[in-house]
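Before any comments, here is the structure.
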Amino acid sequence: MDCLFCKIVIGSIPAEIVKKSDRVTAFKDISPQAPIHVLVIPNQHFENMAKVAEFDLALVGEIFDMASSVAKDFGIDSYRTNINTGESAGQSVFHAHLHLLGGRTFAWPPG
Ligand code: 5GP
Ligand code: ZN
């Protein structure tokens, strides 16, 4: 499958990996929107996070657990996690991912 994030998981496309388990990978976003901007993804390909929940609910928990572990590693206890599902919500890469953003203040509601 021609998927950018699958290639990052297997190492055929370079990325700055910050943490990895046998089921989840965290790496720095190539176009950071905050001083800390990490993407947390399942190693297995799913189109979006709803599909992860449908087929492997425990994996959703592992993704959130990885996100809080990475936040702890960066020394932040205030951060935003964001999941874009579908094009009109801003999803541009169709391999499920959670955005972990930190290191600045964030506005609400989001744009
Ligand atoms: P989405 O818009 O799908 O929610 O988020 C996709 C994210 O992937 C974007 O924030 C974008 O900057 C990031 N991204 C796209 N291509 C690459 C890449 O080749 N490497 C890394 N590390 N991040 C990427
Ligand atoms: Zn993929």
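The values are calculated or read from the model by the stated rules, or taken from the named source; none is laboratory data. What you see is a predicted model; the values in this text were computed from it and never measured. Counting neighbours? That spans all protein chains shown, and the Cβs are built from the backbone with ideal geometry, glycine included. Surface accessibility is based on the protein's heavy atoms, side chains included, excluding ligands, DNA and RNA. Shrake-Rupley method; radii C 1.70, N 1.55, O 1.52, S 1.80 Å.
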- For region 1-30, enumerate the residues that are assigned to a strand (DSSP E or B) and of a type in the set (Val, Ile, Thr). Ile17, Val18, Val24, Thr25
- Scan of region 1-27 for residues that are more than 13 Å from ligand 2 (Cβ to nearest atom) and open to solvent by 80 Å² or more (accessible area, probe 1.4 Å), ordered by number: Pro14, Glu16, Lys20, Asp22
- Considering Ala67, Ala58, Ala50, which residue is within 12 Å of the chain's Cα centre (by Cα), away from ligand 1 (no atom under 12 Å from the Cβ) and not polar (S, T, N, Q)? Ala67
